[in-house]
Amino acid sequence: MRNTQETESGAPVPGTAPARFDTKVAVLLRDDLATWQRLNVTAFLVSGLGTAAPEVIGEPYEDADATAYLPMLRQPVLVFEGAGETVAAAHARALSRSLTTAVFTADLFGTGNDRDNRAAVRAVGRDALDLVGLAVYGPRNAVDKVLKGARMHP
């Protein structure tokens with residue numbers, strides 16, 4: 001599926017080229033998660049981006065009948081996977097680069113609310129977190145370096 005309009009010569013019509021962002025939003029998931037866990041973790045991880053980095057949120061949507069819908073992230077979210085060691089290394093690199101980072105630990109699968117989620121993360125030191133996923137946002141090249149060793153989610 002193309003996301004640009006083309007002239008008969010195949011050149012992009014001016015003003016229709018896809019946006020190229022200087023920033024990147026990426027989620028890295030541990031590769032041993034069940035499908036439902038991957039979806040749940042991804043949703044939780046990206047949910048906080050708009051409050052920490054409001055520039056990632058686009059404009060509200062509206063259909064042809066003027067029904068209003070919530071705004072969404074203005075750029076794609078790339079989802080990667082890797083072994084636990086890859087996730088831990090990416091976490092350390094994201095923090096060392098001061099990137100906007102969200103974490104999801106294995107303990108959060110056993111909690112049922114935000115208060116208990118925060119308490120579960122707070123109870124464990126940074127280097128001992130049992131990370132099953134993380135989201136990072138920042139300059140494209142910095143995020144690429146953080147994700148070293150990870151592969152695109154199938």
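Below, the figures for the structure above:
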| item | result |
| --- | --- |
| Subset tally (residues that are assigned to a loop (DSSP other than H, G, I, E, B) and of a type in the set (Val, Ile, Thr)) for the range 96-140 | 2 |
| Search result, residues across the range 27-41 that are surrounded by 19 or more Cβ atoms within 10 Å (Cβ to Cβ) and assigned to a helix (DSSP H, G or I) | Arg38, Val41 |
| Test: Val87 is under 19 Å from Asn40 (Cβ atoms), in a helix (DSSP H, G or I) and under 15 Å from the mean Cα position of the chain (by Cα) | yes |
| Sole exception among (1) buried (at least 17 other Cβ atoms within 10 Å of the Cβ); (2) at pLDDT below 95; (3) of a type outside the set (Asp, Glu) for Val143, by number | (2) |
| All positions within the range 50-77 that are under 18 Å from the mean Cα position of the chain (by Cα), loosely packed, with under 15 Cβ neighbours inside 10 Å and hydrophobic (A, V, I, L, M, F, W, C) | Ala52 |
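The values are calculated or read from the model by the stated rules, or taken from the named source; none is laboratory data. Please read all numbers here as calculations on a predicted model, not as lab measurements. Here the Cβ is made from the backbone with ideal geometry for all residues, glycine too, and neighbour counts use every protein chain on show.
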